[in-house]
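First the structure, in the form of structure tokens, and then the observations on it.
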Amino acid sequence: MSFDLDLFVIGGGSGGVRAARIASGEHGARVAIAEEYRMGGTCVIRGCVPKKLMVYASSFPALAEEARAYGWSSDVGAFDWTAFRTKLDAELDRLEAIYRKGQVGAGVTVYDQRATVAGPHEVALADGRRLSAKHILVATGGRPFVPDFPGSEHVLTSNDMFRLPSLPKRLLIVGGGFVACEFACIMKGLGVMVTVWNRSNLLRVFDRECAELIVNKMSESGIAVEAGRVVERIEKGPNGLSVTSGTVSETFDAVLYATGRMPNTEGLGLEEAGVNLAGNGAVVVDDWSQSNVPSIYAVGDVTDRINLTPVAIRDGHAFADTIFGGRPRAVDHELVASAVFTQPEFGTVGMTEDAARAIEEIEVYAARFRPMRSAFAGGDERVLMKLIVSKATRRVLGCHIVAPDAGEMIQLAAVAVKMGATKEQFDATCAVHPTMAEELVTMRHPVR
Ligand code: FAD
């Protein structure tokens, strides 16, 4: 049977663009990709990249304060959101153009429109055209989830945060995951009064001790954190949005819902094509990213495995190498490191203390200290470094760091943890002095 294409990729985000570029540019397949919004996807347009730039923007008042303590007569002045946003828009345009050029340069045909699955080997474009493909890759990512309740039409999602016409004076953030906490710290740094409401404790999927330290520091910085709050309704009034939870009613200028994300499979034609979906709509795939329909594959957030950019990229690359490059490989999803860009920052890889303890006997090594730079300035920053070690094998099962630039540190520690390094091998590594990270190789006695 002959097809118009070897591969049709639906979704031009992290996973989709990598798969398309490698399949076409490196392995010579005939490839097309459809993107309904902007090339680059969530990470580039409304996730990691603009968020990190906002983290940088929000960090300057604290830096200026520290600079003064070091003898500089500096003042950071007022923040001009419009100037920042204009620059951010230009940067995202630049990045989007790079992603598009990467696709076209690799020989991929780009369709700037929505595509849906019309059968195991057929894709329907929004303009009515139909294309046949030997393989279809679903890389449609996820979207923010907002529960239905009276007034839910007034809330913002993370998608809106990069395009705000102006900064609100009073912001309520509902949610307790990494996106909620990152935006809380960003907005606080930019001068917004921030309140966080969540059903339970914040950052609860992470190491508990580390999460507690971060949440305490968030509170100390002036963010009002309230666990156990469930929004019942939101009413728009002359003074803003009145938000009710039980007997409490408070008024804010904006409400951000960061209560999780859903895989983007609604109306995609997958069920009609016979593809198995999980309860939340995620495409069910095997280790090779293949669905139960042999010609249909899925990578990235739409599979709801580990919802991070580097994972989507690896999934997409491995798919292209396997199907078109004669280099079959399944992605190893074990020991994926990640960072939470709160202030303080958090880097983590491997098991939390509680998860490891539930499985085997462990030793916990931990160092809590004030980092030199902030201590000199009279600041109250706190660093926490933790190693979770198996008593039986001595392997480091988890490494968790709350510290400035923890994201940079955990990337390097993750190499050792992924290699299966033991505590003794960490100890045999000579320290780099004076640094914060040296504590990782100088913790001599377990604390628990
Ligand atoms: P996406 O990047 O979401 O791409 C899917 C694309 O498909 C989108 O562009 C969408 O428009 C398009 N699409 C959907 N349906 C169709 C259709 N029917 N037809 C055509 N196009 C379609 N990860 C990290 O690793 N580090 C971080 O710091 C980080 N920060 C984040 C911050 C925020 C606020 C958010 C929301 C996410 C963050 N992530 C982060 C997660 C990361 O962005 C995702 O894991 C990653 O983008 C997933 O890539 P993907 O290819 O699966 O999907």
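Given the structure, is Asp80 open to solvent by 70 Å² or more (accessible area, probe 1.4 Å) and within 16 Å of the ligand (Cβ to nearest atom)? Talk me through it step by step, then tell me what you get.
Values: open to solvent by 70 Å² or more (accessible area, probe 1.4 Å): yes; within 16 Å of the ligand (Cβ to nearest atom): no.
It is false that Asp80 is open to solvent by 70 Å² or more (accessible area, probe 1.4 Å) and within 16 Å of the ligand (Cβ to nearest atom).
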Could you check Val146 against (1) within 16 Å of the ligand (Cβ to nearest atom); (2) under 21 Å from Gly15 (Cα atoms); (3) in contact with a Ser or Thr (Cβ under 6 Å, 6 or more places away or on another chain) and say which number it fails? (2)
Condition set among the charged types (D, E, K, R) and open to solvent by less than 80 Å² (accessible area, probe 1.4 Å), scope region 398-443, selection nearest to Ile388 (Cα to Cα): answer is Lys423
List the strands (runs of 3 or more DSSP E) that sit entirely inside region 215-288 and contain at least 3 residues that are in contact with a helix residue (DSSP H, G or I) (Cβ under 9 Å, 6 or more places away or on another chain). 233-237, 254-257
If you scan region 90-125, which residues turn out to be in a helix (DSSP H, G or I), acidic (Asp, Glu) and either within 11 Å of the ligand (Cβ to nearest atom) or surrounded by 16 or more Cβ atoms within 10 Å (Cβ to Cβ) (or both)? Glu96
Residues in region 61-85 that are closer than 25 Å to Ala377 by Cα and assigned to a helix (DSSP H, G or I) total 9
I'd like the residue in region 219-237 that is over 23 Å from Cys185 (Cβ atoms) and at pLDDT 95 or above and, out of all such residues, is most open to solvent (accessible area, probe 1.4 Å). Lys236
Residue under question is Ser58, and the condition is that it be at pLDDT 95 or above, in a helix (DSSP H, G or I) and more than 16 Å from the ligand (Cβ to nearest atom); does it hold? no
Selection from region 155-190 of residues that are near the ligand (Cβ under 10 Å from one of its atoms) and of a type in the set (D, E, K, R): Glu182
Suppose we filter Ala367, Ala312 for residues that are open to solvent by less than 20 Å² (accessible area, probe 1.4 Å), outside the structural domain of Glu424 (by TED's automatic domain parsing) and of a type outside the set (Phe, Trp, Tyr); which single one remains? Ala312
Can you tell me which residues in region 225-267 are closer than 25 Å to Gly142 by Cβ and among the polar types (S, T, N, Q)? Thr259, Asn264, Thr265
Checking Arg204, Arg163 in turn, the sole residue that is without any contact (Cβ under 8 Å) to a residue 60 or more places away in the chain, surrounded by fewer than 23 Cβ atoms within 10 Å (Cβ to Cβ), in a loop (DSSP other than H, G, I, E, B) and among the basic types (Lys, Arg) turns out to be Arg204
Checking Arg261, Arg305 in turn, the sole residue that is within 11 Å of the ligand (Cβ to nearest atom), closer than 30 Å to Met193 by Cβ and not aliphatic (A, V, I, L, M) turns out to be Arg261
Just one of Arg46, Arg30, Arg21 is open to solvent by 10 Å² or more (accessible area, probe 1.4 Å), within 16 Å of the ligand (Cβ to nearest atom), charged (D, E, K, R) and within 30 Å of Pro120 (Cα to Cα); which is it? Arg21
Of the residues Ala375, Ala392, only one is exposed (fewer than 15 other Cβ atoms within 10 Å of the Cβ), within 20 Å of Leu335 (Cβ to Cβ), free of Cβ contacts under 8 Å to residues at least 60 places away in the same chain and more than 24 Å from the chain's Cα centre (by Cα); which? Ala392
Collect the residues in region 247-300 that are open to solvent by 50 Å² or more (accessible area, probe 1.4 Å), among the small types (Gly, Ala, Ser) and farther than 19 Å from Phe149 by Cα, keeping them in residue-number order. Gly267, Gly279
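The values are calculated or read from the model by the stated rules, or taken from the named source; none is laboratory data. Quick caveat, the model's predicted, so the values are computed rather than measured. Neighbour counts are summed over all protein chains in view; Cβ atoms, including those assigned to glycine, are modelled from backbone coordinates with ideal geometry. Heavy atoms of the whole protein, side chains included, go into the accessibility calculation; ligands, DNA and RNA do not. Shrake-Rupley method; radii C 1.70, N 1.55, O 1.52, S 1.80 Å.
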